[in-house]
1. At LEU29 and GLN92, where each label point lies 7 Å from the Cα along Cα→Cβ, what is the point-to-point distance in nanometres?
2. Counting only protein heavy atoms and using a 1.4 Å probe, what share of the accessible area of the chain belongs to carbon plus sulfur, as a whole percent?
3. Taking the chain as a Gaussian network, where each spring joins two C-alpha atoms under 10 Å apart, which residue of ASN91, ASN58, ASN101 fluctuates the most?
4. Sort out for me the Cα centre separation of region 44-90 from region 115-179, rounded to whole Å.
5. Rounded to the nearest 10 degrees, what's the angle between the helix 92-112 long axis and the longest principal axis of the chain, both from Cα atoms, 0 to 90?
6. Determine, from the Cβ-Cβ distance of ASN57 and ASP181 and an R0 of 41 Å, the FRET efficiency 1/(1 + (r/R0)^6), rounded to the nearest 0.05.
7. ARG155 accessible area, nearest 10 Å², 1.4 Å probe?
8. At 0.692 mPa s and 37 °C, plugging the Kirkwood radius over alpha-carbon pairs of region 68-143 into Stokes-Einstein gives what diffusion coefficient in µm²/s?
Amino acid sequence: MAEIKRCGWCVGDPLYEAYHDHEWGVPVLDDDTLFEFLTLETFQAGLSWITVLRKRNNFREAFDNFDYRKIAQYKDAKVTELMQNAGIIRNQMKIRAAVTNAREFIKIQDEFGSFSKYIWQFVENQPIQNNVEDYKAAPATTEISDKLSKDLKKRGFKFVGSTVIYAHMQATGMVNDHQTDCFRYKEVKKLGEKM
């Protein structure tokens with residue numbers, strides 16, 4: 001049986017491979033999922049994605065299943081409680097950022113009807129199809145991630161630098177950065193074309 005060709009960054013770790021095979025790069029239009037990814041990516045800042053992925057279930061449990069309506073209501077006592085949770089990344093600034101971002105997320109929903117409508121307008125509601133031959137050649141930021149990052153910061157979001165935002169765009173399928181020889185490249189491309 002022929003070996004499945006995947007993007008080089010995920011090979012060798014079953015959790016990473018499963019995430020790559022089923023989630024990474026798939027266009028996400030659902031606000032709940034977009035908020036989950038945005039929150040996880042803000043916690044990733046300065047760390048590796050696999051570190052966050054291994055703690056994802058702990059994050060779900062600690063942060064009310066990423067219910068931004070509940071997170072927006074968190075008070076100092078909840079932040080203190082989260083700081084004691086060894087199962088997550090215990091960075092007080094990032095925990096507070098998650099609360100702030102939940103509040104701003106709701107404001108965007110009120111303004112645009114959904115966060116999805118807001119964020120997808122930055123790519124004209126169509127995934128960008130890149131032709132990445134080697135994952136190491138994929139950009140860390142683009143003009144679009146710069147623009148989106150700047151707009152989110154202006155709206156009060158925290159830990160949303162251009163690198164974090166580009167990772168979010170890759171994860172949620174706003175851009176297809178699967179390697180062209182990866183088995184998911186064409187599958188993800190087709191999903192984008194159906195939008």
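The values are calculated or read from the model by the stated rules, or taken from the named source; none is laboratory data. Every value quoted in this text rests on a predicted model; they were computed, and no experiment measured them. As a convention, Cβ positions derive from the backbone with ideal geometry for all residues, glycine included, and neighbour counts pool all protein chains shown. Quick note on the areas: whole protein, heavy atoms, side chains included, nothing else; ligands and nucleic acids left out. Shrake-Rupley method; radii C 1.70, N 1.55, O 1.52, S 1.80 Å.
1. Distance between label points: 4.3 nm.
2. Summing carbon and sulfur atoms, their accessible area is 49 percent of the total for the chain.
3. ASN91
4. That distance is 23 Å.
5. 80 degrees
6. 0.85
7. 60 Å²
8. The calculation lands on 214 µm²/s.
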